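Contents: one structure, followed by commentary.
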Amino acid sequence: MTRLLISFALLALASGAAEFPTNVIVYREPGRLGGWPANHGIWSWGNEILVGFSAAYHKVNEANRHQQDHNKPEEPRLARSLDGGRTWTVEANPDLLPPAQGGREPADLKEPMDFSRPGFAMTLRFLDNNTGPSLLWFTCDKGRRWQGPFRFPQFGKGIAARTDYIVESNRSALAFLTQAKDNGREGRPICVRTTNGGLTWTLVSSIGDEPPVFQSCRPASACRTEH
């Protein structure tokens, strides 16, 4: 039976010392494909690290395609380490299920988020990788309980959001997203900002010109969200 795994190269996350990178198995399950942690998000609080990823179903496809069964769902998972990445446990949190998988229906965010709260994390996820829509969840206890999903603005053409943001203050944050191109396909990276805890978001700028063909559609802020 085919088994897929996620592995992370860790460079002495706990101690900060100069050590050789170590490959650590985070997730492995027969017949499944674990992937796309960059879409879900990674957060750290000292030695505690939380990583989101999708547990898809494995299927052999062409070599240049994801090796997954697209007729079966990608189920959200969280991997947590309490020792700087040396050991991991995997969590299936029902709070993060999308509506199509039995999760809560999206609502409008009514109260502003406090980005400076200890244990805060936010995740932005798309329902369709071309035009969205995209939804927002947040937690204030390091991902053990999540509030949401909340509707996220689509900026006209549609937003396929991956989790990539920089906190500026308790109410202000930048988010780096993928906007659908004029032809309705992914994607054009953009930057948006909120100054009221996520109640509203405004476009800061597109990141480069609209690419004429498919190319890298993901911004990479190299953000670090630690509180």
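On the stretch given as the stretch 80-125, residues that are acidic (Asp, Glu) and under 17 Å from the mean Cα position of the chain (by Cα) total 2.
So that you can scan it fast, the table gives a plain yes or no per residue for (1) of a type outside the set (Phe, Trp, Tyr); (2) more than 23 Å from Ser172 (Cβ to Cβ); (3) surrounded by fewer than 16 Cβ atoms within 10 Å (Cβ to Cβ):
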{"position": "Gly84", "(1), (2), (3)": "yes, yes, no"}
{"position": "Leu127", "(1), (2), (3)": "yes, yes, no"}
{"position": "Trp137", "(1), (2), (3)": "no, no, no"}
{"position": "Cys140", "(1), (2), (3)": "yes, no, no"}
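Residue check: is Pro133 modelled with pLDDT under 95, of a type outside the set (Ser, Thr, Tyr) and in contact with a helix residue (DSSP H, G or I) (Cβ under 9 Å, 6 or more places away or on another chain)? Here the answer is no, as Pro133 does not meet what is asked. The one condition from (1) out of contact with any Asp or Glu (no Cβ under 6 Å at 6 or more places or on another chain); (2) at pLDDT below 95; (3) buried (at least 20 other Cβ atoms within 10 Å of the Cβ); (4) not in a loop (DSSP other than H, G, I, E, B) that Ala56 does not meet is (1). Given the criteria under 21 Å from Ala38 (Cβ atoms), β-branched (Val, Ile, Thr) and in contact with a Leu (Cβ under 6 Å, 6 or more places away or on another chain), does Thr163 qualify? Against the criterion (under 21 Å from Ala38 (Cβ atoms), β-branched (Val, Ile, Thr) and in contact with a Leu (Cβ under 6 Å, 6 or more places away or on another chain)), Thr163 qualifies. Among Asp108, Asp141, which is the only one that is more than 30 Å from Asp182 (Cα to Cα), in the same structural domain as Phe155 (by TED's automatic domain parsing) and not basic (Lys, Arg)? Within the list Asp108, Asp141, the selection yields Asp141. Filtering the stretch 155-184 to residues that are farther than 16 Å from Ala121 by Cβ, in contact with a Gly (Cβ under 8 Å, 6 or more places away or on another chain) and surrounded by fewer than 17 Cβ atoms within 10 Å (Cβ to Cβ) leaves only Gly184.
Annotation note: Cβ proximity below 6 Å between a residue of the stretch 151-174 that is part of a strand (DSSP E or B) and a residue that is among the acidic types (Asp, Glu) and at pLDDT below 95 (sequence gap 6+ or interchain) occurs for Ala160/Glu186. Checking Pro149, Pro153, Pro211 one by one, the residue that is closer than 30 Å to Pro94 by Cβ, over 15 Å from the mean Cα position of the chain (by Cα), in the same structural domain as Phe115 (by TED's automatic domain parsing) and not β-branched (Val, Ile, Thr) is Pro153 and no other.
Out of all the residues in the stretch 71-109, which are under 27 Å from Asn196 (Cα atoms) and either free of Cβ contacts under 8 Å to residues at least 60 places away in the same chain or in a strand (DSSP E or B) (or both)?
Asp95, Leu96, Leu97, Pro98, Pro99, Gly103, Arg104, Glu105, Pro106, Ala107, Asp108
The values are calculated or read from the model by the stated rules, or taken from the named source; none is laboratory data. What you see is a predicted model; the values in this text were computed from it and never measured. Neighbour counts are summed over all protein chains in view; Cβ atoms, including those assigned to glycine, are modelled from backbone coordinates with ideal geometry.
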